[in-house]
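Beneath this line is the structure, given in structure tokens, with notes to follow.
Only the coordinates and a few stated rules stand behind these numbers; no lab work does. Quick caveat: nothing in here was measured; it's all calculated off a predicted structure. Every residue, glycine as well, gets a Cβ built from its backbone with ideal geometry; the counts of neighbours run over all protein chains shown.
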Amino acid sequence: MTPADTSFQVIVLWVAALGSLLSFGTAIWTVFSGPSRKNAARLDALGSKLDDLTLRVSRVEIAQTALPTKGDMHELELAMERLKGEMATMSQAMNGHVQILQRLEAIVGRHEDHLLRK
């Protein structure tokens with residue numbers, strides 16, 4: 001073997017060693033980076049779902065602001081009670097008018113009878 005052959009064998013040995021190390025490093029990188037890619041894809045999917053959920057919650061909050069509050073419902077209840085009282089008052093007044101009309105009908109009936117007899 002000549003010194004030129006020896007140096008070529010050393011270069012081949014170094015290339016083979018570097019190739020093996022590169023192959024081993026690539027395998028290790030693939031093992032460790034594969035799950036992180038899957039997790040990144042899952043996190044992106046969750047991020048889009050979170051954005052959709054945020055929009056839905058915003059819409060619900062906007063719709064809820066248009067709904068009547070507890071105070072509004074209480075005011076409505078009080079107004080209905082006032083209306084109920086006014087309706088009772090009107091009913092009593094109508095009963096009084098009915099009694100007056102009944103007496104007027106009796107009076108008019110007597111007048112008709114009186115006029116028809118003469």
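Starting from the 7 Å offset along Cα-to-Cβ, what nm value, one decimal, do you get for the label separation of THR69 and ASP113?
6.7 nm
Report the full-extension gain for the segment ALA93 to ASP51: residue separation times 0.36 nm, less the Cα-Cα distance, to one decimal in nm.
8.8 nm is the gain from fully extending ALA93 to ASP51.
Starting at the first residue of the range 42-54, write each ³J(HN,Hα) from the Karplus equation 6.51 cos²θ - 1.76 cosθ + 1.60 with θ = phi - 60°, in whole Hz, x for Gly and Pro.
So the Karplus estimates, Gly and Pro as x, are 5, 5, 5, 5, 5, x, 5, 5, 5, 4, 4, 5, 4 Hz.
Rounded to the nearest 0.05, what FRET efficiency do ILE11 and ARG37 give with R0 = 35 Å and r taken as the Cβ-Cβ distance? Could you check?
On the way: r = 37 Å, r/R0 = 1.05.
So, using R0 = 35 Å, E works out to roughly 0.45.
From the phi angles alone, apply the Karplus equation (6.51, -1.76, 1.60; θ = phi - 60°) to the range 97-110 and give each ³J(HN,Hα) in whole Hz, x where the residue is Gly or Pro.
Along the range 97-110, the couplings run 5, 4, 5, 4, 5, 5, 5, 5, 5, 5, 5, 5, x, 5 Hz.
Find how much the distance from ALA27 to LEU78 grows on full extension, using 0.36 nm per residue of separation minus their present alpha carbon separation; answer in nm with one decimal.
Answer, rounded to one decimal: 10.6 nm.
Among LEU21, LEU50, LEU83, determine the one that fluctuates most according to a GNM of the chain built with springs between C-alpha atoms less than 10 Å apart.
With Cα springs under 10 Å in the chain, the top fluctuation among LEU21, LEU50, LEU83 is at LEU21.
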